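**Student:** My questions will all concern the structure given below.
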Amino acid sequence: MQKSKFLPKGRKDRTMVLVDIRETKSAKASDIFLQVKPGKDFELITILRALIKDQHISDAQIEETGMTRAVLDDLVHRMKSCKFGCMFFGMGLSMTRGKHMNSAALLTLAAEMNAYTKFVAMPMRGHGNVTGADVIMRWQTGYPFGITFNRGYPRYNPGEFSTVDVLVRGDTDAAFIIGADPGATMPKPAIDHLARIPTIVLDPHVTHTSKLARVHITTAPAGIAAPGTAYRMDEIPMPLKPALKSPYPTDEEVVRRIREAIETKPFWMPEDSEQMILAQV
Amino acid sequence: MLRITGGKVYDPANGINGEIRDLYVQDGRLAASGTGGRTIDATGMIIFPGGVDVHTHVAGGAMNFARAMTPEDHRRTKAFIRTKSRRSGLGGMAPTTFATGYLYAGMGFTTVNEAAVPVLSARHTHEELADIPIVDKSTLTLMANNEIMLNLLENGEYERAKNVMAWYLWAAKSYGVKAVNPGGVTAWKWGKDAKQLTDSIEGYSTLTPGHIITSLARMCDELQLPHPVHLHCNNLGAPGNISTTLATLEHLEGHRAHIAHSQYHAYGGDDWDTMRSNTAELAEYFNTHKNVTTDAGAVLFGDTVTITADGPWQHLLYKLTGRKWGNLDVENETGCGIVPYTYRRTNLVNAVQWAAGLELLLLIEDPWQVFLSTDHPNGGCFWRYPEIIELLMCADHRKECLKQLPDKIMSRIKLPEIDREYTLYDVATAMSAGPARALGLKNKGNLKVGCDADIVIYEEDDSVVQMFSHPRYVIKAGEVVIEDGDIRETPQGREYIVKPNHDPSTDEFIQPLFEDCYTMSFENYPVELERVEGADVRECGEGT
Amino acid sequence: MSITLKLKEAPVVPLEAEVLSPSHLADLSHAEICELRLYHGKRQMRVDDFFNVEGERSDQVEIHGDLHRVRLLGRGMDRGHLTIHGSVGMHLGAHMKGGRIDVHGNAGDWIGAEMKNGFIHVHGNGGGQIGGGYRGSLRGMKNGTIIVDGTAGLEIGLRMRRGTIVVGGIVKDFCGLQMKGGTIVLQSGAEIRTGAWMNRGTIISLVPLQLMPTFQLSCYYNPTFLNVYSRYLKTLGINLPSNAQDGSWARYYGDCSVPGKGEILIWNPHAT
């Protein structure tokens, strides 16, 4: 691990704490491994929020999370006395029971730790350019995901407009899947619905979703044969410089051509629609 | 050819004060004469050069983070509907990119200066700017907390640092230098701050904020940048910070500078209970020193979101208010803090802030030195600028507003004693001609033949707010973009960039320093010119 | 006189029908009601494309049919009575200011979200986020009463500020999340994490609950306010035990992690 101006001994100057429900290979690389009981992440983080504020929590309540008071007292002490703390969290936290509240709990803990020392937290995003999609959605629509444009302006409601929920409820009558494979990861009702409706897939590979789609178009892989920008996990934009040529069109080319074809049809909003409204739905 | 006939023209750059004149536009510029084409009959109307916002936050990582934090504001604000030729968007405290262009243009503003961009994420800022239609843009790059810069300054390597600054400006494809809380944002990486100019900076041994300020100001002048160092002073928002601000001005040693949102830096008193406005002292300095300009950073009552690179200040605001808080750390360079906030009349501090912003605009005598701004969105949203114009033009209205403030603060502010009213000529200077000149954009804020045809035409109205909120016509680069409240065209704007001359060996010099502390490859750091939409490059510095 | 709407065409994708609210319909003629705009996905349709319409100019509105895909019914209403015979979709009575809604069926998520006042009674099951604040909003319902006879989902009463929510069946996780005030009555208890991050407010449960580790037991008691409150609830058909001879309430305060001053009262019947 890199040595730096302020941490001249590199790894030795850093303390890594790993929290997981089971011991993984990463545990060997860590200094402290905390095995939290499955389904108790939210409780553990909430306890830490209370402990850093010197609130009373009983031994029994701590032990329910798989921790002991001694371990948590030590952790809180280390957190408060470090110079710069960073919490990274992944889908093991954000996808288990509690979902977004687990992430919210960790982010709130990081915010509250700033009363004592410098602390930040960062989600470890999924593969592909998830961060890029999030960043661009936000600047163009104000919202990161779970968006509908059916009224002509962006509206946001996770659970109502997010993909998995829309598919599970069967709230859509067509699907356009670009660079993703819901047919491999989503619950069965969602997959069944994708198979039922006209589904179009753009992907460099023939995916699970492609197999149940109506149309699959092979496209050039981004970063390898297609240019663009990818946003790193910490939202730093990196230019993509393709090294190879591909016989296939880029996703961008395909989407543009589809859009041009749609533009020959009458526009979907009536001619007399207002340019701007003051009261959203 | 576009002819605009019979309007009352206010063109302070050329001393034209309400004369009835015809204007001719050809190929995007003002022309001497012409026939044919379209004629706009502007009889009885008022004509200004297009507005120039000298200090605003509209694009990039910080603004985008603010968008994520305020879905509740997105839901309650105005929404632009998609059309065949126009994108949808949302207004509010943290407007989306397309909406930002429509809202600025809708108000007659045609040039905006994005005031804070980290080099590391400049590519992101340029991508967002490409999605802001109509208006022309420029950006300022954050320099006062960059580790490489500060290391060089601490080691006394001034010439090297100057070359590195020039290198940074071109790498970021930027227009000028921004300094925010010099040394303080670096200290925030340790959870600390640097409030006084003589304070030590955490992580450094001899470097002080004062030293950084003097060096940056000198460098900007020596590189002959069109806009001087743009400075957000140390100790923002704190009672008694007038002394820090005056000390900062001393440290400029006569070099040019633009002091950002000076309202936040003009307080007397010792603590929140005794906080008062000391704008008179600051205005006096501006009135006796012509090397400095400022923008007001005025406050308007109501909801907004504060976004600034001043990380420590935002953490304090979070602790004081318990509102939502977002904090971004940009490795080796800077950071930002975001707190949605509400300015209230009943809050004594907010009441003093509201008065202070107006006082600066009224007490600084030369309208070429003080410009209209709210440090959008910090003091208030940019689409509320007409409310400030009304307060500047109508002393009676001001007095009515003062009556609504708590009695307790009357002894702490100067506003009740001020009778000055802005004329239309003053307004045109403060919102267009002045900022254009300070930014060194010679073709903006100016209706002389050959200048850019960015023109706004208002219908006279007894209500100043109504008049300035709803221009009858807005013309950008010779095209009528807004007419009768409708968006007619959404052309792409230009982006102004400087290419300061610097020692060609700077590349080799920076590379190892960069690779030592950054986590990306050196060749990916500079922004490629092709990624900047409508780039307009201007060389400067010795030998140009 | 009332207005009756009968669903004649099942929507294929969600149908957004915020126009179907008593406040909106009260002053409209039959023809005007028929031509009101509904959103079927992105397509703008007429009310009579989906409903058979009888009646006009009334704030007594009845809607019949399987409306589980119909959203935003009664949104923002401030008067009148909306009765639905069938199940409904999301956002029932969201932003409501007054009047009354009865659903003889189930309802989706966001029942009475951010409502200011009014009365909603879902005689079947409800979804999640009842009386809640939409994502990012600092507050949920400001006042009003929501009763769901059946079960309900996640985050009931999310950030509510005031008002009453009563649920007959069991509710899911995070009931009372970040509550700012108001009262939630759980007749069949909840799953986990009830009262998480509560600031203020009262959650009353007739059966034992699994609580967050940041709640502490303060006492067993029979508070006077509950006698008064249960008399009010009785008028709505809800029975709360309040007789000291039958048992007492265990009072838990929290959430200490905030730190909050909320309370959770759990009925503790005396051994017989």
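The values are calculated or read from the model by the stated rules, or taken from the named source; none is laboratory data. It should be emphasised that the depicted structure is a prediction, and the values quoted were computed from it without experimental measurement. So basically every Cβ, Gly included, is an ideal-geometry build from the backbone, and we count neighbours across all protein chains shown. Remember, those area values only see protein heavy atoms, side chains included, never the ligands or the DNA or RNA. Shrake-Rupley method; radii C 1.70, N 1.55, O 1.52, S 1.80 Å.
**Student:** Going from the alpha-carbon gyration tensor of the stretch C:17-159, what semi-axes, largest first and in whole Å, does one get by taking the root of 5 times each eigenvalue?
**Tutor:** 24, 15, 14
**Student:** Follow-up. Can you give the accessible area buried between chains A and B, summed over both chains, with a 1.4 Å probe, in Å² to the nearest 100?
**Tutor:** Accessible area lost upon association: around 4300 Å².
**Student:** Please give the solvent-accessible surface of C:Y252 in Å², to the nearest 10, using a probe radius of 1.4 Å with every protein chain present.
**Tutor:** Accessible area of C:Y252: about 50 Å².
**Student:** Rounded to the nearest 100 Å², what's the accessible area chains A and C bury against each other, both chains counted, probe 1.4 Å?
**Tutor:** Chains A and C together bury approximately 3100 Å².
**Student:** Per residue and in Å³, how big is the convex hull formed by the alpha-carbon atoms of the stretch B:413-544?
**Tutor:** Looking at the stretch B:413-544, the number lands at 240 Å³ per residue.
**Student:** From the gyration tensor of the Cα coordinates in the stretch B:319-420, what semi-axes in whole Å does the equivalent ellipsoid have, largest first, with each one equal to sqrt(5λ)?
**Tutor:** In descending order the semi-axes read 28, 18, 12 Å.
**Student:** While we're on this one: Any idea what the relative contact order of chain A is, in percent, if you count C-alpha pairs under 8 Å spaced at least 6 apart?
**Tutor:** 9 percent.
**Student:** If you wrap a convex hull around the Cα atoms of the stretch A:215-259, how much volume per residue is inside, in Å³?
**Tutor:** Normalising the Cα hull of the stretch A:215-259 by residue number yields 90 Å³.
**Student:** Between the chain alone and the structure with every protein chain in place, find the residues of the stretch C:229-260 that drop at least 20 Å² of accessible area; heavy atoms, 1.4 Å probe.
**Tutor:** C:C256, C:S257, C:V258, C:P259
**Student:** Ok, one more. Write down the Kirkwood hydrodynamic radius of the stretch B:167-245, to one decimal in angstroms, obtained as one divided by the mean of 1/r over all alpha carbon pairs.
**Tutor:** On the way: mean 1/r = 0.0747 Å⁻¹.
Kirkwood radius, the stretch B:167-245: 13.4 Å.
**Student:** Starting from the residue with the highest accessible area, list B:W272, B:W368, C:W197 in decreasing order, probe 1.4 Å.
**Tutor:** On the way: B:W272 95, B:W368 55, C:W197 15 Å².
Result, largest first: B:W272, B:W368, C:W197.
**Student:** Let me ask something additional. Have a look at the DSSP beta bridges in the protein assembly as shown and tell me what percent are antiparallel, nearest 5.
**Tutor:** Roughly 40 percent of the beta bridges in the protein assembly as shown run antiparallel, per DSSP.
**Student:** Now for a separate question. Tell me, what is the FRET efficiency for A:Q275 and A:A60 to the nearest 0.05, using R0 = 41 angstrom and their Cβ-Cβ distance as r?
**Tutor:** Working: r = 62 Å, r/R0 = 1.51.
Using R0 = 41 Å, I get an efficiency of 0.10.
**Student:** Could you state the accessible area per residue of the stretch B:253-396 in Å², with a 1.4 Å probe and every protein chain left in place?
**Tutor:** Result: 29 Å² of accessible area for each residue.
**Student:** Got a number for the accessible area of C:R200? Probe 1.4 Å, square angstrom, nearest 10.
**Tutor:** So the heavy atoms of C:R200 present about 130 Å² to solvent.
**Student:** Follow-up question, since we're still on this one. According to the Cα gyration tensor, what semi-axes, each the square root of 5 times an eigenvalue, does the equivalent ellipsoid of the stretch B:1-97 have, listed from largest to smallest in whole Å?
**Tutor:** The answer is 37, 17, 13 Å, longest axis first.
**Student:** Cα gyration tensor of chain B, axes a ≥ b ≥ c as square roots of the eigenvalues: rounded (a/c below 1.5), prolate (a/b > b/c) or oblate?
**Tutor:** Oblate.
**Student:** Normalised by the residues of chain C, what does the relative contact order come to in percent, with Cα pairs under 8 Å and at least six apart?
**Tutor:** RCO, chain C: 10 percent.
**Student:** Separate question: Give me the accessible area per residue for the stretch B:24-86, probe 1.4 Å, as a whole number in Å².
**Tutor:** Each residue of the stretch B:24-86 exposes 34 Å² on average to a 1.4 Å probe.
**Student:** Okay, next question. Write down the percent of antiparallel bridges among all DSSP beta bridges whose residues are both part of the stretch C:149-272, to the nearest 5.
**Tutor:** Once the DSSP bridges in the stretch C:149-272 are tallied, antiparallel ones form about 50 percent.
**Student:** To continue, here is another question. With solvent modelled as a 1.4 Å probe, how much accessible area in total do chains B and C shield from it at their shared surface, in Å² to the nearest 100?
**Tutor:** Approximately 400 Å², summed over both chains.
**Student:** Quick one: work out the % antiparallel among DSSP beta bridges in the stretch A:50-206, nearest 5.
**Tutor:** Bridges in the stretch A:50-206 are about 15 percent antiparallel.
**Student:** Where q = 0.13, 0.21 Å⁻¹, what log10 of I(q)/I(0) comes from the Debye formula for the stretch A:109-197, counting one point per Cα?
**Tutor:** -0.58, -1.12
**Student:** Rounded, prolate or oblate: which fits the stretch A:162-281 when a ≥ b ≥ c are the square roots of the eigenvalues of the alpha-carbon gyration tensor, with rounded for a/c under 1.5 and prolate only if a/b beats b/c?
**Tutor:** Here the stretch A:162-281 falls in the oblate category.
**Student:** Let me ask something else about it. Of all accessible surface on chain C at a 1.4 Å probe, what whole percent is carbon and sulfur?
**Tutor:** Result for chain C: 47 percent of the exposed heavy-atom area is carbon or sulfur.
**Student:** Shifting gears a bit: Working from the alpha-carbon coordinates of chain C, get Rg over Rh, Rh being the Kirkwood radius. Can you show the working numbers first?
**Tutor:** Details: Rg = 19.7 Å, Rh = 19.0 Å.
On the Cα set of chain C, Rg over Rh gives 1.04.
**Student:** Another question, if that's okay. Calculated from DSSP H runs of 4 or more alone, at -39500 (n - 2.57) each and per residue, what is the 222 nm mean residue ellipticity of the protein assembly as shown, nearest 500?
**Tutor:** Result for the protein assembly as shown: -7500 deg cm²/dmol, rounded to the nearest 500.
**Student:** Counting only the heavy atoms of the protein chains, how much of B:R494 is accessible to a 1.4 Å probe, in Å² to the nearest 10?
**Tutor:** Counting only protein heavy atoms, B:R494 exposes about 110 Å² to solvent.
**Student:** If you don't mind, another one. Per residue of B:79-89, what is the mean number of Cβ atoms on other protein chains within 10 angstrom of that residue's Cβ?
**Tutor:** Mean shielding by partner chains, rounded to a whole number: 6.
**Student:** Return the residues of the stretch A:118-155 for which accessible area with all protein chains present is lower than in the chain on its own by 30 Å² or more; set the probe to 1.4 Å and exclude ligands, DNA and RNA.
**Tutor:** A:K118, A:R138, A:W139, A:Q140, A:G142, A:Y143, A:N150, A:R151, A:G152, A:Y153, A:P154
**Student:** Let me know the mean shielding of C:127-137 by other chains, meaning the per-residue number of their Cβ atoms within 10 Å of its Cβ.
**Tutor:** 3
**Student:** Does the stretch B:185-289 come out rounded, prolate or oblate by the C-alpha gyration tensor, with a ≥ b ≥ c the root eigenvalues, rounded set by a/c under 1.5 and, if not, prolate when a/b is larger than b/c and oblate if not? Could you put the intermediate results ahead of the total?
**Tutor:** Numbers: a/c = 2.19, a/b = 1.09, b/c = 2.00.
Taking the square roots of the gyration eigenvalues as a ≥ b ≥ c, the stretch B:185-289 is oblate.
**Student:** Can you give the log10 of the normalised intensity I(q)/I(0) at q = 0.08, 0.09 Å⁻¹, computed with Debye over equal Cα scatterers of chain A?
**Tutor:** -0.50, -0.62
**Student:** Loop only by DSSP, 11 or fewer other Cβ within 10 Å of the Cβ. Give me the chymotrypsin sites (Phe, Trp or Tyr not before Pro) in the stretch B:413-464 that pass, ordered by residue number.
**Tutor:** The qualifying sites: there are none.
**Student:** If you don't mind, there's one more thing I want to ask. Just the accessible area per residue of chain C, please: how many Å² with a 1.4 Å probe?
**Tutor:** For chain C, the solvent-accessible area averages 37 Å² per residue.
**Student:** Using r as the Cβ-Cβ distance of B:S33 and B:D396, and R0 as 25 Å, what FRET efficiency do you calculate, to the nearest 0.05?
**Tutor:** For B:S33 and B:D396, the calculated efficiency is 0.05.
**Student:** Two decimals, Cα atoms only, Kirkwood Rh: what is Rg/Rh over the stretch A:115-162? Could the numbers behind the result be given before it?
**Tutor:** Details: Rg = 14.4 Å, Rh = 12.6 Å.
Ratio of gyration radius to Kirkwood radius: 1.13.
**Student:** I need the P(r) histogram for the protein assembly as shown: all alpha carbon pairs, bin width 20 Å from 0 out to the longest distance, whole percents.
**Tutor:** In order of increasing distance, the bins hold 11, 38, 38, 12, 0, 0 percent.
**Student:** How far, in nm, would the chain grow between B:K290 and B:D22 when pulled straight, counting 0.36 nm per residue and subtracting the alpha carbon separation?
**Tutor:** 93.1 nm
**Student:** Counting other Cβ atoms within 10 Å, which chymotrypsin sites (Phe, Trp or Tyr not before Pro) in the stretch B:166-207 have at most 16 and lie in a DSSP loop? Walk me through the numbers on the way to the answer.
**Tutor:** On the way: sites: B:W167, B:Y168, B:W170, B:Y175, B:W188, B:W190, B:Y204; in loops: B:Y175, B:W190, B:Y204.
Of the chymotrypsin sites (Phe, Trp or Tyr not before Pro), the ones in loops of the stretch B:166-207 whose Cβ has at most 16 other Cβ atoms within 10 Å are B:W190.
**Student:** While we're looking at this one, here's another question. Out of the GluC sites (Glu not before Pro) in the stretch B:314-371, which ones are loop residues according to DSSP with at most 16 other C-beta atoms within 10 Å? Working shown, then result.
**Tutor:** Values: sites: B:E331, B:E333, B:E359, B:E365; in loops: B:E331, B:E333, B:E365.
Qualifying residues, ordered by number: B:E331, B:E365.
**Student:** Still on this structure: When the accessible area of each residue in the stretch A:193-242 is compared between its chain alone and the complete protein assembly (1.4 Å probe; ligands, DNA and RNA ignored), which residues differ by at least 30 Å², being lower in the assembly?
**Tutor:** Residues of the stretch A:193-242 that lose at least 30 Å² of accessible area once the other chains are added: A:T229, A:Y231, A:R232, A:E235, A:I236, A:P237, A:M238, A:P239, A:K241.
**Student:** Another question, then. Which ³J(HN,Hα) values, rounded to whole Hz and listed in residue order, are derived for the stretch C:228-237 from phi using the Karplus coefficients 6.51, -1.76 and 1.60 in 6.51 cos²θ - 1.76 cosθ + 1.60 with θ = phi - 60°, glycine and proline given as x?
**Tutor:** 5, 4, 5, 5, 5, 5, 4, 5, 9, x
**Student:** Tell me the carbon and sulfur percent of the accessible area for chain B, rounded to whole percent, probe radius 1.4 Å.
**Tutor:** 46 percent
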